[in-house]
Amino acid sequence: MGNWNTTCACKRSKLMRKQMDSMNHNTHHEGIRTVKVNKVCDFSGNSDLCICAVTWNMNGQVVYEDLVELVGSNSKSDLLVVGLQEVPRKNIARLLETALVDTHVLLGEAIMQSLQLYVFGPRNSGLSIKELKVDKHSVGGCGGLIRRKKGAVAIRMSYNGIQMMFISCHLSAHARNVEERNSQCRHISHNLFSKHMNPYSRPAQVTVWLGDLNYRIQGIETHPVRNLIQKNLHKFLTGKDQLLQEAERGQVFDGYCEGTLTFKPTYKYDVGSSDYDTSYKVRVPSWTDRILFKIQDMEEIRASLHSYESVDDIHSSDHKPVKAHLCLKVNEQA
């Protein structure tokens with residue numbers, strides 16, 4: 001009897017997973033909306049909240065000067081969100097705090113082995129923070145010596161009355177694993193903060209999802225891709241980007257926004273250089289590292305994206321970091 005019950009439970013679990021994975025086949029979807037970068041703030045310096053978000057796969061290495069380069073120029077941001085993957089066995093929080101000692105303090109952190117997320121705010125921002133919670137969801141990977149834990153870590157908080165959620169993820173590698181990445185995205189979204197969530201509580205008004213999503217450029221060989229990048233014509237590669245393709249099919253990130261991919265693909269580089277992979281694998285360069293955001297009610301909160309770029313001067317990893325600068329304005333009437 002016990003074995004029969006266990007078998008039934010497993011079947012029910014598999015059925016529920018299949019139902020969850022196929023939900024968006026039966027519903028209307030928007031995909032990822034590409035938004036242009038506005039160099040000048042739409043709100044004329046009158047934003048209620050400015051967020052600088054950074055994602056970087058560190059490839060198990062850390063150079064302090066690179067962290068300074070990454071976060072040191074963001075002193076004007078109200079919140080600095082740093083998502084890191086393949087983090088080495090170092091006290092990264094302390095290094096970041098040292099780099100930001102004159103402007104920001106650590107407000108919250110979420111850590112799952114080599115997958116880490118930090119939120120910093122101005123030194124006087126303690127009273128602005130309420131209801132800060134952290135969560136994590138593993139989808140596998142090696143978190144030990146290899147330091148390639150897969151899954152997501154998240155921080156949910158209210159800052160100046162705006163309910164926000166920040167997610168840093170690292171999804172499965174290799175171009176062929178598109179469906180696996182799609183499934184991981186859905187399970188992460190479904191499971192984060194689900195255990196203790198009040199079903200009647202408001203959803204996050206602003207969600208920023210960043211990380212090494214590992215979606216690749218497909219349907220074109222590596223040398224044509226590199227030729228287009230060399231000629232500064234990489235904008236023609238966005239139609240081959242798996243993430244945008246899957247979002248358009250309604251598989252992932254429905255209703256999210258992303259800046260235009262004007263920067264070069266961020267993976268895979270030879271460590272210590274700006275040359276794409278020269279190993280025997282000669283991997284196809286890809287935009288694996290992304291920053292997406294979602295506004296729950298655009299009449300309630302308006303968003304303006306002021307930058308979306310890679311940091312090409314950092315060479316200690318086989319990934320280039322990506323940064324975005326997002327400003328929010330609350331509609332008081334709404």
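Quick one: which of Leu244, Leu228, Leu233 is free of Cβ contacts under 8 Å to residues at least 40 places away in the same chain, in contact with a helix residue (DSSP H, G or I) (Cβ under 7 Å, 6 or more places away or on another chain) and either within 30 Å of Met298 (Cα to Cα) or surrounded by fewer than 21 Cβ atoms within 10 Å (Cβ to Cβ) (or both)? Outline the logic, then answer.
Values: Leu244 fails: free of Cβ contacts under 8 Å to residues at least 40 places away in the same chain; Leu233 fails: in contact with a helix residue (DSSP H, G or I) (Cβ under 7 Å, 6 or more places away or on another chain).
Residue meeting the stated conditions: Leu228.
Hey, does segment 107-126 have a residue that's at positive phi, modelled with pLDDT of 90 or more and out of contact with any Gly (no Cβ under 6 Å at 6 or more places or on another chain)? Outline the logic, then answer.
In the first step, residues of segment 107-126 are kept if they are at positive phi; the result is 113.
Then keep just the ones that are modelled with pLDDT of 90 or more; that gives 113.
Among the residues that remain, those that are also out of contact with any Gly (no Cβ under 6 Å at 6 or more places or on another chain) are: none.
No, every residue in segment 107-126 fails to be at positive phi, modelled with pLDDT of 90 or more and out of contact with any Gly (no Cβ under 6 Å at 6 or more places or on another chain).
Being touching a residue at least 40 places away in the same chain (Cβ under 8 Å) and of a type in the set (S, T, N, Q), is that true of even one residue in segment 326-333? Checking segment 326-333: not a single residue is touching a residue at least 40 places away in the same chain (Cβ under 8 Å) and of a type in the set (S, T, N, Q). Taken as a whole, segment 135-145 holds at least one residue that is in contact (Cβ under 8 Å) with a residue 24 or more places away in the chain, in contact with a Leu (Cβ under 6 Å, 6 or more places away or on another chain) and of a type in the set (Asp, Glu).
Counting the residues of segment 292-304 that are open to solvent by 10 Å² or more (accessible area, probe 1.4 Å) and closer than 14 Å to Glu258 by Cβ gives 4. Here is the figure for segment 247-262: residues that are open to solvent by less than 20 Å² (accessible area, probe 1.4 Å) and over 16 Å from the mean Cα position of the chain (by Cα) total 2.
Yes/no matrix, rows are residues, columns are (1) out of contact with any helix residue (DSSP H, G or I) (no Cβ under 9 Å at 6 or more places or on another chain); (2) of a type in the set (Asp, Glu); (3) closer than 13 Å to Ile51 by Cβ:
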| residue | (1), (2), (3) |
| --- | --- |
| Glu86 | yes, yes, no |
| Arg94 | yes, no, no |
| Asp102 | yes, yes, no |
| Val105 | no, no, no |
| Gln113 | yes, no, no |
| Asn124 | yes, no, no |
| Ser138 | yes, no, no |
| Ser158 | no, no, no |
| Ile167 | no, no, no |
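If you check Lys294, Lys323, Lys329 for being over 30 Å from Tyr64 (Cα atoms) and within 14 Å of the chain's Cα centre (by Cα), only one passes: Lys294. With the condition kept exactly as written, say whether any residue in segment 174-185 is crowded, with 16+ Cβ neighbours inside 10 Å and more than 18 Å from the chain's Cα centre (by Cα). Yes: segment 174-185 contains one or more residues that are crowded, with 16+ Cβ neighbours inside 10 Å and more than 18 Å from the chain's Cα centre (by Cα). Ser273 meets each of the listed conditions (1) part of a helix (DSSP H, G or I); (2) open to solvent by 10 Å² or more (accessible area, probe 1.4 Å) apart from (1).
The values are calculated or read from the model by the stated rules, or taken from the named source; none is laboratory data. Small disclaimer: the values here were computed from a predicted structure and weren't measured. So basically every Cβ, Gly included, is an ideal-geometry build from the backbone, and we count neighbours across all protein chains shown. All accessible areas refer to the heavy atoms of the entire protein, side chains included, with ligands and DNA or RNA removed. Shrake-Rupley method; radii C 1.70, N 1.55, O 1.52, S 1.80 Å.
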